[in-house]
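Trainee: A single structure is presented below for examination.
The values are calculated or read from the model by the stated rules, or taken from the named source; none is laboratory data. Source: prediction; values computed, not measured. Every residue, glycine among them, receives a Cβ derived from its backbone with ideal geometry; neighbour counts consider all protein chains shown.
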Amino acid sequence: MSDTSRLTRAEFLRLVAAAGAALTVGVPGLAAKRAMRTKPIPKSGEQLPVIGLGTSRAFDVDREPKGWAARMEVIRTHIEGGGKVIDSSPMYGRAESVVGDMLKSLGLRDRAFIATKVWTEGRQDGIDQMEESMRLFHTDRIELMQVHNLVDTATHLKTLRKWKDQGRVRYIGITHWTSSALDDLIDVVKREPLDFVQMAYSLDEREAEARLMPLLHDKGVAMLVNRPYQRGSLFRRVRGKKLPAWAVEFDCESWGQMFLKFILSHPAATCVIPATRKPKHMRDNLGAGYGRLPDAAQRKRIAAFWEGV
């Protein structure tokens, strides 16, 4: 483990033990429910839990004990609560290194579905960056490697197809986060064989719903959904407001769960990856993966309600 100047080995081991003890109480409200809902990856049929974990900003941290312990509990809560997907990128500072060290220390690497990205230009620079990601994650195979924000897409997809054939990556994809890139994403999806596309989709940003998501569904491409809370703006919009009573009809217990369940009820949305550094938020996010999802009529009701908020 690098950079232990602020966290001794003994302190680190105590944090591992404390994180494990904290999880023995389980995820509130989930014990009485069945396993987390999954959706198939269309190209393989592999079932993927619908709630993932994003690491942008939240895991770009040093080894300060308190912050380290909280994030370690987030990862443990995520996986023990039924999640699997952890999404990262070289763009996210120290996130790959932090997540890799935590998974290794907690013995949870084999239970995680690592999704990371290549974010550079040029064939060799891309190879070097992906090799470094594997080193940071302490692995010789990444579950999903994505071309981040469509940077030098054709070059990296050529490398990734070879790596997939060699078994170095299991799935390949592309990502973006802004609706201004929808035309470019659609163009790549139409002409390239992809397993995944990652894009923003939420009650406040539904542009992908009209063209991209139907295309993904038709072509059998899985979708990871980023920015489901629009960096907290959805919560700010409902601050001080009560959750509608009819939310119980689809087993929703919080605003966050309503936001996530709305996303997941779309047939094209495979897994949503909200980022968090707080275990209590991770537990709440996990709750959206259990119980019923809104049906078509309930989706319309949520959308109409949101327009009036």
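Trainee: For segment 94-103, state whether one or more residues are touching a strand residue (DSSP E or B) at 6+ places or on another chain (Cβ under 7 Å) and of a type in the set (G, A, S).
Mentor: Among the residues of segment 94-103, not one is touching a strand residue (DSSP E or B) at 6+ places or on another chain (Cβ under 7 Å) and of a type in the set (G, A, S), which makes the answer no.
Trainee: Something else about it: Being among the small types (G, A, S), part of a loop (DSSP other than H, G, I, E, B) and touching a helix residue (DSSP H, G or I) at 6+ places or on another chain (Cβ under 6 Å) is the filter here; which residues of segment 111-149 pass it?
Mentor: Listed by number, the list holds a single entry, A112.
Trainee: Assess whether R231 counts as being within 26 Å of A112 (Cα to Cα) and surrounded by fewer than 23 Cβ atoms within 10 Å (Cβ to Cβ).
Mentor: Yes, satisfied.
Trainee: If I ask for residues that are out of contact with any strand residue (DSSP E or B) (no Cβ under 6 Å at 6 or more places or on another chain), of a type in the set (A, V, I, L, M, F, W, C) and in a helix (DSSP H, G or I), which ones from segment 228-263 would you list?
Mentor: Those that are out of contact with any strand residue (DSSP E or B) (no Cβ under 6 Å at 6 or more places or on another chain), of a type in the set (A, V, I, L, M, F, W, C) and in a helix (DSSP H, G or I): L234, F235, A245, W246, A247, V248, F250, W255, M258, F259, F262.
Trainee: Please specify each residue of segment 169-185 satisfying the condition of being over 21 Å from I273 (Cα atoms) and either touching a Leu at 6+ places or on another chain (Cβ under 9 Å) or at pLDDT below 95 (or both).
Mentor: Matches in segment 169-185: D184 only.
Trainee: While we're on this one: Which of the residues spanning segment 78-94 are under 13 Å from T175 (Cβ atoms) and either among the aromatic types (F, W, Y) or crowded, with 21+ Cβ neighbours inside 10 Å (or both)? Don't jump to the end; show me each part of the working.
Mentor: Filtering segment 78-94 down to residues under 13 Å from T175 (Cβ atoms) leaves 87-92.
Within segment 78-94, D87, S88, S89, Y92 meet the criteria.
Trainee: Going by the structure shown, is A222 in contact with a Pro (Cβ under 9 Å, 6 or more places away or on another chain) and in contact (Cβ under 8 Å) with a residue 60 or more places away in the chain?
Mentor: Taking the combined requirement at face value, the residue satisfies it.
Trainee: Next up: Here are some conditions: (1) crowded, with 20+ Cβ neighbours inside 10 Å; (2) under 22 Å from the mean Cα position of the chain (by Cα). R206 meets all but one. Which one does it not meet?
Mentor: R206 satisfies all of (1) crowded, with 20+ Cβ neighbours inside 10 Å; (2) under 22 Å from the mean Cα position of the chain (by Cα) except (1).
Trainee: If the Cβ limit is 9 Å and pairs must be 6+ apart or interchain, which residue in segment 146-173 that is closer than 18 Å to G45 by Cα pairs with which residue that is of a type in the set (S, T, N, Q) and modelled with pLDDT of 95 or more?
Mentor: Close Cβ pairs (under 9 Å, with a partner that is of a type in the set (S, T, N, Q) and modelled with pLDDT of 95 or more) amount to R170/S44; Y171/S44; Y171/Q146; I172/Q146; G173/Q146; G173/Q198.
Trainee: Looking at segment 288-302, I want the residues that are charged (D, E, K, R) and have a partner that is surrounded by fewer than 19 Cβ atoms within 10 Å (Cβ to Cβ) with Cβ atoms under 7 Å, at least 6 apart or on another chain. Which pairs are those?
Mentor: Pairs that qualify, where the first residue is charged (D, E, K, R) and the partner is surrounded by fewer than 19 Cβ atoms within 10 Å (Cβ to Cβ), are R292/D251; R299/S265.
Trainee: So, of the residues in segment 266-278 that are within 12 Å of V225 (Cβ to Cβ) and assigned to a loop (DSSP other than H, G, I, E, B), which turns out to be nearest to the chain's Cα centre (by Cα)?
Mentor: I273
Trainee: Would you confirm whether any residue within segment 83-105 is among the basic types (K, R), at pLDDT 95 or above, within 13 Å of M134 (Cα to Cα) and in a helix (DSSP H, G or I)?
Mentor: Taking every residue of segment 83-105 in turn, at least one turns out to be among the basic types (K, R), at pLDDT 95 or above, within 13 Å of M134 (Cα to Cα) and in a helix (DSSP H, G or I).
Trainee: Scan T77, T24, T55 and give me the residue that is in contact with a Pro (Cβ under 9 Å, 6 or more places away or on another chain) and either at pLDDT below 95 or not acidic (D, E) (or both).
Mentor: T77
Trainee: Could you look through segment 272-302, keep only residues that are under 19 Å from L212 (Cα atoms) and touching a helix residue (DSSP H, G or I) at 6+ places or on another chain (Cβ under 8 Å), and pick out the one that is surrounded by the most Cβ atoms within 10 Å (Cβ to Cβ)?
Mentor: It comes out as V272.
Trainee: A further question follows. From the list L160, L194, L212, L243, which one is buried (at least 17 other Cβ atoms within 10 Å of the Cβ), of a type in the set (A, V, I, L, M) and under 30 Å from D284 (Cβ atoms)?
Mentor: Answer to the selection: L212.
Trainee: Of the conditions (1) buried (at least 16 other Cβ atoms within 10 Å of the Cβ); (2) in contact with a Lys or Arg (Cβ under 8 Å, 6 or more places away or on another chain), L150 satisfies every one except a single condition; which number is it?
Mentor: Of the numbered conditions (1) buried (at least 16 other Cβ atoms within 10 Å of the Cβ); (2) in contact with a Lys or Arg (Cβ under 8 Å, 6 or more places away or on another chain), the odd one out for L150 is (2).
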